[in-house]
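Notes follow the structure.
The values are calculated or read from the model by the stated rules, or taken from the named source; none is laboratory data. Given the structure is predicted, the values throughout are model-derived calculations rather than measurements. Neighbour counts are summed over all protein chains in view; Cβ atoms, including those assigned to glycine, are modelled from backbone coordinates with ideal geometry.
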Amino acid sequence: MNSDELIRMANQIADFFKPYGHDDAVAGIAQHIRDFWDPRMRAGIADTLRKNADGLTDLAREGVEKAIAS
Amino acid sequence: MTYQRQHDHGTPAGDGKPVTLFIDGSEVTVPEGSSVMYAASRIDRPIPKLCATDMVDAWGSCRMCLVEIEGVRGTPSSCTTPVTEGMKVTTQNTRLERIRKGIMELYISDHPLDCLTCPTNGDCELQDMAGTVGLREVRYGMDGESHFAPETKAEADVSNPYFQYDPSKCIVCSRCVRACEEVQGTFALTISGRGFESRVSPGTAADDFFASDCVSCGACVQACPTATLVEKSVVEKGIPSRSVVTTCAYCGVGCSFRAEMQGDEVVRMVPWKDGGANEGHSCVKGRFAFGYATHKDRQTKPMIREKITDPWRKVSWDEAISFAAERLKAVQAKYGKGSIGGITSSRCTNEEVYVVQKMIRAAFGTNNVDTCARVCHSPTGYGLKTTFGTSAGTQNFKSVEKSDVILLIGANPTDAHPVFASRMKKRLREGAEIIVLDPRRIDLVKSPHIKAAHHIQLRPGTNVAVMNALAHVIVTEGLVDEDFVRERCDVKEFARWVSFVAEERNSPEALAEIIGAPAEDIRKAARLFASGGNGAIYYGLGVTEHSQGSTMVMAMANLAMATGNIGREGVGVNPLRGQNNVQGSCDMGSFPHEFPGYRHVGDDVVRNLFETDWGVPLLSEPGLRIPNMFSAAIDGSFRGMFVQGEDIAQSDPNTQHVEEALKSLDCLIVQDLFLNETAAFAHVFLPGTSFLEKDGTFTNAERRINRVRPAMQEKSGLSEWEAVCRLATAMGYPMSYSGSHEIMVEIARLTPSFAGVSHARLDAGEQLQWPVNEAFPNGSPVMHVDGFVRGKGLFMVTEYVPTTERSTRMYPLILTTGRILSQYNVGAQTRRTENNRWHGEDILEIHPFDAEERGIADGDMVSLASRMGATTLRAEVSERMPQGVVYTTFHHPLTGANVITTDNSDWATNCPEYKVTAVQVTRSNRPSGWQDEHEEARRKNYRIEIEAAE
């Protein structure tokens, strides 16, 4: 999957959960990705994290890390 | 059923307490407020009438319905006389007979005696009444001045493509004028002239029906008691001989109709009075635009081809199914189970959708199933499930009759949901207020007898900012319904929300510049909504098709909960669904993360239920959504697709991206009526069935499950669900049902909200709105009455996040897209009807200032360009648009409006951001490059091999 697209989607999810405070937001992002992203999308963002995730916001990165760790 | 005219009680029923009276000695009890005429009709004592019909209020002009009432002097008209307790009425005696016959003589003295050649011979109330009163002569003769004599007769107005107006047959009963006013609310008709010169007029003397404000809803034709206003199809074919009650296949209102037939041919579609969604009203699409079902473009044979550049080859069903299955299996063998998937259609029945998602999950072995709701109301599902606990609107349509303040957001019901708009307009004429949030000045801002209390003409993309500003006013000015919130909502999350919206940065004053509307207007609108009585929110795709679509849905839910406007009639949060079965297709498990009934695939208990019933292991991980399927196709991991009744190549955003994805597929199967834009990229074409051939159910925007009954045989020889079952079987997973009713049995068995639904109940005349189960055995017209489905209502924090799609020097305008009354979505149906006469091409609406700045005059061809692509279309200079915003529709494939739109989408659901695209508009005299290429591709990709002569 196109990594720019996945980064954009992850950042958008993070933007929504940001007002909930750090811990709730990270949990919210992770849960959303687990609930709605197909495994190849999760694999794609994991691959992006390993290679070059410059475009991911810090909050999105934490959420993604939590999502793919579980 | 053999053809019979629908019942007509003469006047509407009242709605008060029961009143008992005696008519010709028979006792009858009716609601207070009913007329004597209505009461008489309930006990088979129909009173002769001409100007009365229960479509409209009593008028009392024809004097045919006179009766005698004990203790009352004279002969009052039964249509205008309300019933009273113990009233004694006589409907028939010598005196009344004489009076009626005399009146009838006067009417007939100015009516042509051409009954045998009249279009409505046998279906004419005037003819019936002449018979009923025993008219045998006209003492005045027929030689006096008349409206029908050849030398004085006015020409019939045949300008409307669907009906004609013949003034020579008019009895000036005003039923048509009143229907236009009271039922449709357009006020297009009037009676011009006085006395003998009185006649029905659609506007000024220079107007004919086509040029007038008439919206061709058909209410006047339905109301007409003679052949004055009559369908052209009846003029041509004669009156119907049988009828089938079914459901319209256009918008999410889901109107009930009688398909009135001769043999297997539809003569006319007449709105069904007993249909709960429409109660006897219709619009130009449902009423008249059904001709596509028998259009010459219709494909009724299965077809296959190796490559998309090959001509199509017509084959048997067996060969097509076998070809499709082998291709899909080959793709899976090479690229894995998850390399294929499919899309269900919101224009197909619940039963058809159910079997497609079952085929994909059970036979394909993947959760890569999605539906066209992805690109329209998927944020509704997410937002309302999160806040209320269920993915559906809260009210029935009738609820609007109890609303005091309507907050209409991003919807244009008079064009997109016309029958519901008529209900809404009626309530507004009764005194309810409306607040419109829309960049465009839609008809509900100002039209005859309608004037919005506030029109917040917001900048596209600022919906959430407006909602936060409204909420700020409600919270900071003490307008919250504290009791409701304390009792019904999660108070901890409410407190979090309150502290968020109360922040100064969410005040109207702080957000006014972003929104582009005065802060004071927003304040006044908030106060009106919170304190004006029953507040109801209605919304459309102007809410959902944004990068914050889901946030916006939650923001509306917040507002409804904060003001206590949930859980009773007259209030609620109400999505106006775009297609007839959007609600149903979502209910039936079309989303890649949910089984039927909105239950996540990761839920072990639910998955085990389906695994046990279907006898096959199912995946616990969500599949791909439509935009993800396109991206995966381009990346090469998604190679095969089944598309049911959907034209993704025209309807989905960024056409060039979609086309690239479709070209990448090894196997694309299209099940449709026509070789649509998507079929240009297909390898298998499976002919679909029109709504007139289907047997099943649609679920409309108010969760009403309506029967769809076949009026004619399937033209392809196979129902869509049977074709799908055959494909599933060929894929190695046998699927079969004895009929669509058996599919509903399975749906009910596995879906709690449908547990009590069956074709048998619907066929018995029950009106069912889900949930229908043990808790709600007769359905649920209004939801969340005693508590939210999720328990406590959940307030969500809705931070405004501006879209990344912004105007620049190169693309200084914002494009927003929508629908027009006469056309429907990609136009596959309506473009193949006479509706094209109203809207034969997509038009770009542009503000006069923006037009002048670019040297664009009304009617000029212009280039519309975005970062994604360009197209050329005609411009209309319009003050409906605010400066800086342009608007067009996406009904015509040659325009390709979605060549312009972007890949931006809603954060939660990937619903595309159709409503905000930065564009430039310039004068142009030639098609765009995409249009040239598209034209060439059409020539190549739609060829069908000529069959050898036998």
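Descriptive notes on the structure:
- When restricted to residues that are under 11 Å from the mean Cα position of the chain (by Cα) and more than 10 Å from chain B (Cβ to nearest Cβ), region A:1-24 contains 1.
- Check on B:SER637, within 14 Å of chain A (Cβ to nearest Cβ), modelled with pLDDT of 95 or more and farther than 23 Å from B:TYR354 by Cα: yes
- Residue in region B:139-154 that is in contact with a Leu (Cβ under 8 Å, 6 or more places away or on another chain) and either more than 17 Å from B:SER61 (Cβ to Cβ) or surrounded by 16 or more Cβ atoms within 10 Å (Cβ to Cβ) (or both) present: yes
- Residue within region A:56-66 that is facing chain B (nearest Cβ under 9 Å) and surrounded by fewer than 23 Cβ atoms within 10 Å (Cβ to Cβ) present: no
- Being in contact with a His (Cβ under 7 Å, 6 or more places away or on another chain), crowded, with 24+ Cβ neighbours inside 10 Å, within 18 Å of B:LEU408 (Cβ to Cβ) and more than 14 Å from every other protein chain (Cβ to nearest Cβ) is a condition met by at least one residue of region B:518-528.
- Condition check for B:VAL331: of a type in the set (Val, Ile, Thr), part of a helix (DSSP H, G or I) and buried (at least 24 other Cβ atoms within 10 Å of the Cβ): no
- Test: residue in region A:25-34 that is facing another protein chain (nearest Cβ under 9 Å), without any contact (Cβ under 8 Å) to a residue 12 or more places away in the chain and out of contact with any Cys (no Cβ under 8 Å at 6 or more places or on another chain): no
Listed here are the residues, each with its yes/no results for (1) outside any loop (DSSP other than H, G, I, E, B); (2) surrounded by fewer than 16 Cβ atoms within 10 Å (Cβ to Cβ); (3) modelled with pLDDT under 95.
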{"position": "B:TYR811", "(1), (2), (3)": "no, no, no"}
{"position": "B:ILE814", "(1), (2), (3)": "yes, no, no"}
{"position": "B:THR817", "(1), (2), (3)": "yes, no, yes"}
{"position": "B:ILE820", "(1), (2), (3)": "no, no, yes"}
{"position": "B:VAL826", "(1), (2), (3)": "no, no, yes"}
{"position": "B:LEU844", "(1), (2), (3)": "yes, no, no"}
{"position": "B:ASP850", "(1), (2), (3)": "yes, no, no"}
{"position": "B:GLY855", "(1), (2), (3)": "no, yes, no"}
{"position": "B:ASP858", "(1), (2), (3)": "no, yes, no"}
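- Enumeration of residues in region B:673-693 that are free of Cβ contacts under 8 Å to residues at least 40 places away in the same chain and outside any loop (DSSP other than H, G, I, E, B): B:THR678
- Residues of region B:25-59 classified as touching a helix residue (DSSP H, G or I) at 6+ places or on another chain (Cβ under 8 Å) and in a loop (DSSP other than H, G, I, E, B), total: 14
- Among the candidates B:ASP635, B:ASP666, residue that is in contact (Cβ under 8 Å) with a residue 12 or more places away in the chain and surrounded by fewer than 24 Cβ atoms within 10 Å (Cβ to Cβ): B:ASP666
- Top-ranked residue in region B:860-888 [being among the basic types (Lys, Arg) and part of a loop (DSSP other than H, G, I, E, B); ranked as nearest to B:ASN412 (Cα to Cα)]: B:ARG880
- Within region B:622-632, the presence of at least one residue that is in contact with a Ser or Thr (Cβ under 8 Å, 6 or more places away or on another chain), charged (D, E, K, R) and within 14 Å of chain A (Cβ to nearest Cβ) is confirmed.
- As a summary of the residue check, B:VAL501 satisfies the conditions (1) more than 14 Å from chain A (Cβ to nearest Cβ); (2) touching a residue at least 12 places away in the same chain (Cβ under 8 Å); (3) on the phi < 0 side of the Ramachandran plot except for the one numbered (1).
- Checklist (1) within 26 Å of B:LYS385 (Cβ to Cβ); (2) among the hydrophobic types (A, V, I, L, M, F, W, C); (3) free of Cβ contacts under 8 Å to residues at least 40 places away in the same chain applied to A:ALA46, failing item: (1)
- Total residues in region B:67-97, condition outside any loop (DSSP other than H, G, I, E, B) and either closer than 13 Å to B:GLY10 by Cα or within 39 Å of the chain's Cα centre (by Cα) (or both): 2
- So B:THR551, is it within 14 Å of another protein chain (Cβ to nearest Cβ), crowded, with 24+ Cβ neighbours inside 10 Å and out of contact with any Asp or Glu (no Cβ under 6 Å at 6 or more places or on another chain): yes
- Count of region B:906-950 residues, restricted to those that are among the hydroxyl-bearing types (Ser, Thr, Tyr) and closer than 30 Å to B:SER378 by Cα, is 3.
- Selection status of B:VAL605, among the β-branched types (Val, Ile, Thr), closer than 30 Å to B:THR386 by Cα, surrounded by 24 or more Cβ atoms within 10 Å (Cβ to Cβ) and away from chain A (no Cβ under 14 Å): no
- The helices (runs of 4 or more DSSP H) found entirely in region B:406-503 that carry 2 or more residues being out of contact with any Leu (no Cβ under 8 Å at 6 or more places or on another chain) are B:418-429, B:463-476, B:482-488, B:491-501.
- Residue in region A:46-55 that is at the interface with chain B (Cβ under 9 Å from one of its Cβ atoms), surrounded by fewer than 16 Cβ atoms within 10 Å (Cβ to Cβ) and not hydroxyl-bearing (Ser, Thr, Tyr) present: no
- Yes/no for B:GLN931 being polar (S, T, N, Q), more than 14 Å from every other protein chain (Cβ to nearest Cβ) and not in a strand (DSSP E or B): yes
- Considering the conditions (1) surrounded by fewer than 24 Cβ atoms within 10 Å (Cβ to Cβ); (2) within 14 Å of chain A (Cβ to nearest Cβ), B:SER378 is excluded by exactly one of them, (1).
- Boolean, B:LYS101 is in contact with a Gly (Cβ under 8 Å, 6 or more places away or on another chain) and of a type outside the set (Phe, Trp, Tyr): yes
- Entry remark, region B:112-135: residues being more than 39 Å from the chain's Cα centre (by Cα) and either part of a loop (DSSP other than H, G, I, E, B) or of a type in the set (D, E, K, R) (or both) number 6 in total.
- Residue tally, condition on the phi < 0 side of the Ramachandran plot, more than 25 Å from the chain's Cα centre (by Cα) and not aliphatic (A, V, I, L, M), over region B:159-188: 10
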